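**Student:** Take this structure first; my questions come after.
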Amino acid sequence: MSSSSSSYLRDEDLTQETRDLISSLPSEKGWLVSQMYQFQGRWHTQALLQGLLQYQKHFEAKDSDIILVTNPKSGTTWLKALVFSLINRHKFPVSSGDHPLLVTNPHLLIPFLEGVYYESPNFDFTELPSPRLMNTHISLLSLPESVKSSSCKIVYCCRNPKDMFVSLWHFGKKLASQETADYPIEKAVEAFCQGKFIGGPFWDHVLEYWYASLENPNKVLFVTYEELKKQTGDTIKRIAEFLGCGFIEEEEVGGIVKLCSFESLSSLEANREGKLPNGVETKAFFRKGEVGGWRDTLSESLAEEIDRTMEEKFQGSGLKFSC
Ligand SMILES: Nc1ncnc2c1ncn2[C@@H]1O[C@H](COP(=O)(O)OS(=O)(=O)O)[C@@H](OP(=O)(O)O)[C@H]1O
């Protein structure tokens, strides 16, 4: 393991319950982790599977909760910063020089549910200030019952699969063990397309939340990384309206856009130095922050392979990415 490896990729500290379950699950070799396990239709690392089990068992949603849901590398860090600054804009005016985001990585301000349940099983979620803001990568199917049955709100952010894959590919290169570091990209694309990927299938994850947002628009808001890039202010206003944040001044929207921009966040000391409790360096969450950046990593044929799969999987859903 490299010194920056994530504890989510290791298999220490597993409870007997997780070990017993794991022994009964289908497993596959992965490129980011040497082994991943299929539970409720999705592929998980051992650590995040344990976090998920605890989360399903113990988390009690409140009507006022806000849950940000993403696939990894789809805009999580950015969405966390945007929604944190939006809902806290009265407590922490965005133009103030002592805004928490100026000195703290967004992942340290907003808990990652399955990660916290793995790392700190005794963490008291009831202590979080209201409205509680949290994030997860878990599929709709695996969300705890109380999240589905309560009036809590879900903001889902999706990213075009080629950029998402490439972002995870580069992230994985930094974190992977020696065993998986030399994994060929062609095999990783194949596994991604087949859905044999951490948290995957990507396609099912996206489609579940896409349909949920169409069926229940008051419960699930679906936004994309690409629209956040193109129309950051308008997307913040959509999120604000969905969350019932009340009137928001244009100046505040502009302040949030600026505070949370890739350029601003990535230049802060908190996001250039330091590590999260899981061992990942904060700078690992900021790479290029572009739409279409996949071009410098994917060959034409690999890009076409992802495009073909996307067309097939999203066919008839009304969902598409043209970048
Ligand atoms: N503020 C802001 N604006 C625009 N883009 C941003 C921002 N912050 C992070 N990023 C880019 O998002 C990618 C990381 O995705 P996540 O934050 O979802 O990663 S994680 O799942 O939390 O590990 C990763 O994308 P790539 O650059 O393509 O690798 C980051 O650079």
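The values are calculated or read from the model by the stated rules, or taken from the named source; none is laboratory data. The model shown is predicted, which means the values in this text are computed figures rather than measured ones. Using ideal geometry, Cβ is built from the backbone for each residue, glycine included, and neighbour counts are taken over all protein chains shown. Note: areas computed on protein heavy atoms with side chains; ligands, DNA, RNA excluded. Shrake-Rupley method; radii C 1.70, N 1.55, O 1.52, S 1.80 Å.
**Student:** If I filter the range 158-177 for residues that are modelled with pLDDT of 95 or more and within 30 Å of GLU60 (Cα to Cα), do I get at least one hit? Before the answer, list the steps.
**Tutor:** Restricting attention to the range 158-177, the residues satisfying the condition of being modelled with pLDDT of 95 or more are 158-167.
Right, trim to within 30 Å of GLU60 (Cα to Cα) and you get 158-159.
Yes, some residue in the range 158-177 is modelled with pLDDT of 95 or more and within 30 Å of GLU60 (Cα to Cα).
Results for (1) open to solvent by 10 Å² or more (accessible area, probe 1.4 Å); (2) without any contact (Cβ under 8 Å) to a residue 60 or more places away in the chain; (3) charged (D, E, K, R), shown as yes or no for each residue.
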site	(1), (2), (3)
TRP43	yes, no, no
ALA61	yes, no, no
SER64	yes, no, no
ILE67	no, no, no
LEU79	no, no, no
ASN88	yes, yes, no
VAL94	yes, no, no
GLY97	yes, yes, no
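**Student:** Give VAL223, VAL257, VAL280 a once-over and let me know the one that is open to solvent by 40 Å² or more (accessible area, probe 1.4 Å) and under 23 Å from ASN105 (Cβ atoms). Walk me through how you get there before you give the answer.
**Tutor:** On the way: VAL223 fails: open to solvent by 40 Å² or more (accessible area, probe 1.4 Å); VAL280 fails: open to solvent by 40 Å² or more (accessible area, probe 1.4 Å).
None of the others qualify; the one that does is VAL257.
**Student:** May I ask you to list pairs of residues, at least six apart or on different chains, whose Cβ atoms are under 8 Å apart, with the first in the range 277-292 being touching a residue at least 24 places away in the same chain (Cβ under 8 Å) and the second being among the aliphatic types (A, V, I, L, M)?
**Tutor:** Correct list of pairs: VAL280/LEU175; THR282/ALA270; THR282/LEU276; ALA284/LEU175; PHE286/LEU265.
**Student:** Does the range 241-252 contain at least one residue that is under 20 Å from the mean Cα position of the chain (by Cα) and of a type in the set (A, V, I, L, M, F, W, C)? Please lay out each step first, then the result.
**Tutor:** Quick first cut of the range 241-252, residues under 20 Å from the mean Cα position of the chain (by Cα) only: 242-243.
With the extra rule that they be of a type in the set (A, V, I, L, M, F, W, C), the set shrinks to 242-243.
Yes, the range 241-252 contains at least one residue that is under 20 Å from the mean Cα position of the chain (by Cα) and of a type in the set (A, V, I, L, M, F, W, C).
**Student:** Restricting to the range 17-34, name every residue that is in contact (Cβ under 8 Å) with a residue 12 or more places away in the chain and in a loop (DSSP other than H, G, I, E, B).
**Tutor:** Of all residues in the range 17-34, those in contact (Cβ under 8 Å) with a residue 12 or more places away in the chain come to 17-18, 21-22, 25-26, 28, 30-34.
LEU25, PRO26, GLY30, TRP31, LEU32, VAL33, SER34 - these are the residues of the range 17-34 that are in contact (Cβ under 8 Å) with a residue 12 or more places away in the chain and in a loop (DSSP other than H, G, I, E, B).
**Student:** Scan SER139, SER130 and give me the residue that is of a type in the set (Gly, Ala, Ser), open to solvent by 40 Å² or more (accessible area, probe 1.4 Å) and at pLDDT 95 or above.
**Tutor:** Testing whether each residue is of a type in the set (Gly, Ala, Ser), open to solvent by 40 Å² or more (accessible area, probe 1.4 Å) and at pLDDT 95 or above leaves just SER130.
**Student:** Looking at the range 150-163, which of the residues that are part of a loop (DSSP other than H, G, I, E, B) and within 16 Å of the ligand (Cβ to nearest atom) is most open to solvent (accessible area, probe 1.4 Å)? Walk me through how you get there before you give the answer.
**Tutor:** Going residue by residue through the range 150-163, those that are part of a loop (DSSP other than H, G, I, E, B) are 150-152, 159-160.
If we keep only those that are within 16 Å of the ligand (Cβ to nearest atom) as well, we get 159-160.
Values: ARG159: 19, ASN160: 1 Å².
Here the residue is ARG159.
**Student:** In addition: In the range 52-88, which residue that is of a type in the set (Ser, Thr, Tyr) and within 15 Å of the ligand (Cβ to nearest atom) is farthest from the chain's Cα centre (by Cα)?
**Tutor:** Applying the filter and picking the extreme gives SER85.
**Student:** Could you go through the range 164-176 and let me know if any residue there is over 26 Å from TRP203 (Cα atoms) and surrounded by fewer than 18 Cβ atoms within 10 Å (Cβ to Cβ). Outline the logic, then answer.
**Tutor:** The first filter runs over the range 164-176 and keeps only residues over 26 Å from TRP203 (Cα atoms), leaving none.
No; the residues of the range 164-176 include none that is over 26 Å from TRP203 (Cα atoms) and surrounded by fewer than 18 Cβ atoms within 10 Å (Cβ to Cβ).
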